[in-house]
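Take a look at the structure below.
The values are calculated or read from the model by the stated rules, or taken from the named source; none is laboratory data. This one's a predicted model, so the numbers in the text were calculated from it and none came from an experiment. Virtual Cβ from ideal backbone geometry, glycine too; neighbours counted across all protein chains shown.
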Amino acid sequence: MTQPRDVTLSQILTVAQMRAAEDELVAGGLSVEALMEVAGRGAGEYVRRLAAGRSVTVLCGPGNNGGDGYVIARHLMEHGNPVTVVAAREPATAAAINARHLFEGNVTDGHVIVSGDVFVDCLFGSGLSRALPEDLLALVKGLSAAHHLTVAVDLPSGIESDSGAPLNHDLPQNDVTIALGAWKQAHWTMPACANMGVLRLVDIGVTLRQNAPRLLLRPRFQAPAPDAHKYRRGLLGIVSGAMPGASILSATAALRVGAGYVKLLHPDSRLAACVAPLPELVTTAGAIDDLVSDPRLAALLLGPGLGRDDTARRHLETVVTRGVPTVLDADALMLLGPDIPLKAPTILTPHEGEMAALERAFLLPANGTRLHRAKALAKQARATVVLKGPDSIVVDASGRVVVAPRASSWLSSAGTGDVLAGLIASRLAVHGETLRAACEGVWLHGEAARLCGPAFTSNELAQAAGRALAGALA
Ligand SMILES: NC(=O)C1=CN([C@@H]2O[C@H](COP(=O)(O)OP(=O)(O)OC[C@H]3O[C@@H](n4cnc5c(N)ncnc54)[C@H](OP(=O)(O)O)[C@@H]3O)[C@@H](O)[C@H]2O)[C@H](O)CC1
Ligand SMILES: [K+]
């Protein structure tokens, strides 16, 4: 089945996958020169609009990224925009040599730092294989400092495409990065993505790669069916624990994003009585074994404020054997291991510290990219994993990967994880699909943070989740 173009354009490719995609287009009858023309013209048009008649300097390297630079320069020149090319190295590929010949404007050789308004970095793209040598680092830094705006084409030079690792210290900050053909891992991976400024993508006709990670797009939420009632919309049970405030935060969020009924299940009636009640939240106290055996439960959440003692461990064992779709967060992740098999579709939501604990428990090596680590845990634990951070990743046990765009850095405060767990659990109660619920929850979390602006509390974040959902109703 042909996928809509926005789905294809949300894929995130490795350098090897990008080369395979390029080979496929060439095998289909396009030349590399023709692809470069489409890519360079597309990027050139973004640059032309950004420059709006101001002077542009294009730094060109030896490979096809440099070739793109000559196409961009030609596009600008044809539209009457002042442009200078700085050739850091002579072009070395056939397509780049061809693009160089077609550019009839001003080319200098890179020994002098020229100044201007917009600097376009076409030194290296996905072919970068090692750190920039001193002279090229000084050139790219000097040119960036001598211009008002810096635009990276495909990737900022010095950033490794597959890992997002900067191969040099002190690389310049970009205002815009224009990806060519498809997103690369680095565009959505820390720390690289924080260096890229505004991200844009030029479509050159790349088709969908099987199993490639995709970027998290805005979900479409449905209003409840005309004949809906609270149980059909989903009963979510949130198991409370030693610190009930955390589960109240989860519930506050969960109440706003779809579940028809959210119940706080409390093992200790004295503690439950201490918690300031939310009028819309039903709290029941009793033995957790009994409370989670309610056949109407559509999903369970365990972990926020749970504690890590023997009682907490018993509650974890009870919940995971219950067979109801479950979200495990926070303390539950510190107690989980291969000795506690997951009997139902489960979502794990570790941050970096909890991820390290899970890797120890499941005897997984804690090396490689976050993407590889999340995939390994999802496979081993047979669960959907949301590896939280500025660049959250969602992976299911079959290896499907969704990468979330970088969210507000104001989310780095206590309690926002409890909110995320509540959002995901609420969506899980609605439809029971783990990957979808995890993606919807992560999206709602990021969108609620955006709506809150700077310096919000986790309770304000939870309150904003309903507005986030309202903005994405089908
Ligand atoms: N893939 C596509 O569909 C299209 C891609 N386009 C553009 O092409 C680049 C990738 O081009 P490529 O030629 O593979 O790579 P680069 O231009 O990034 O540079 C490769 C050359 O640079 C040398 N190199 C690598 N690292 C360094 C370094 N640190 N210092 C000095 N020289 C370096 C490398 O030499 P090696 O010794 O490593 O072999 C190469 O000579 C992609 O990013 C897009 O911009 C097309 O235009 C459109 C289609
Ligand atoms: K570049």
Out of all the residues in the stretch 1-54, which are closer than 30 Å to Val86 by Cβ, in contact with a His (Cβ under 9 Å, 6 or more places away or on another chain) and not in a helix (DSSP H, G or I)?
Arg54
By residue number, the members of the stretch 376-393 that are assigned to a helix (DSSP H, G or I) and closer than 19 Å to Ser163 by Cα are Ala376, Leu377
Could you tell me which numbered condition Val402 fails, if it satisfies all but one of (1) modelled with pLDDT of 95 or more; (2) outside any helix (DSSP H, G or I); (3) touching an Asp or Glu at 6+ places or on another chain (Cβ under 8 Å)?
(3)
Going through the stretch 32-54 in order, the residues found to be of a type in the set (Gly, Ala, Ser) and surrounded by 19 or more Cβ atoms within 10 Å (Cβ to Cβ) are Ala39, Gly40, Gly42, Ala43, Gly44, Ala51
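Listed here are the residues, each with its yes/no results for (1) more than 12 Å from ligand 2 (Cβ to nearest atom); (2) within 16 Å of the chain's Cα centre (by Cα); (3) under 18 Å from Glu45 (Cα atoms); (4) not assigned by TED's automatic domain parsing to the domain that holds Ala407.
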{"position": "Ala146", "(1), (2), (3), (4)": "yes, no, no, yes"}
{"position": "Thr150", "(1), (2), (3), (4)": "no, no, yes, yes"}
{"position": "Val153", "(1), (2), (3), (4)": "no, no, yes, yes"}
{"position": "His169", "(1), (2), (3), (4)": "yes, no, no, yes"}
{"position": "Met196", "(1), (2), (3), (4)": "no, yes, no, yes"}
Conditions (1) in contact (Cβ under 8 Å) with a residue 40 or more places away in the chain; (2) touching a Pro at 6+ places or on another chain (Cβ under 7 Å); (3) within 16 Å of ligand 2 (Cβ to nearest atom): number failed by Ser55:
(3)
Only listed residue being closer than 27 Å to Ala20 by Cβ, near ligand 1 (Cβ under 8 Å from one of its atoms) and not in a strand (DSSP E or B), chosen from Leu132, Leu136
Leu132
I'm checking my understanding of the structure. Among residues of the stretch 155-167 that are within 15 Å of ligand 2 (Cβ to nearest atom) and surrounded by fewer than 22 Cβ atoms within 10 Å (Cβ to Cβ), which one is nearest to Glu45 (Cα to Cα)?
Glu160
Scope the stretch 422-474; condition among the small types (Gly, Ala, Ser) and under 17 Å from the mean Cα position of the chain (by Cα); matching residues
Ala437, Ala438, Gly441, Gly446, Ala448, Ala449
Test each condition in (1) among the basic types (Lys, Arg); (2) closer than 23 Å to Val15 by Cα; (3) within 15 Å of the chain's Cα centre (by Cα) for Arg218 and report the one that comes out false.
(2)
Condition met for Val118 (under 35 Å from the mean Cα position of the chain (by Cα), under 15 Å from Asn65 (Cβ atoms) and surrounded by 13 or more Cβ atoms within 10 Å (Cβ to Cβ)):
no
With respect to Val107, is the statement that it is more than 16 Å from ligand 1 (Cβ to nearest atom) and in a loop (DSSP other than H, G, I, E, B) true?
no
Residues of the stretch 55-80 being part of a loop (DSSP other than H, G, I, E, B) and either in contact with a strand residue (DSSP E or B) (Cβ under 6 Å, 6 or more places away or on another chain) or surrounded by 21 or more Cβ atoms within 10 Å (Cβ to Cβ) (or both), in sequence order, are Gly61, Gly63
Give the stretch 458-471 a look and list any residue that's surrounded by 15 or more Cβ atoms within 10 Å (Cβ to Cβ) and touching a residue at least 24 places away in the same chain (Cβ under 8 Å), or say none.
Ser458, Asn459, Leu461, Ala462, Gln463, Ala465, Gly466, Ala468, Leu469
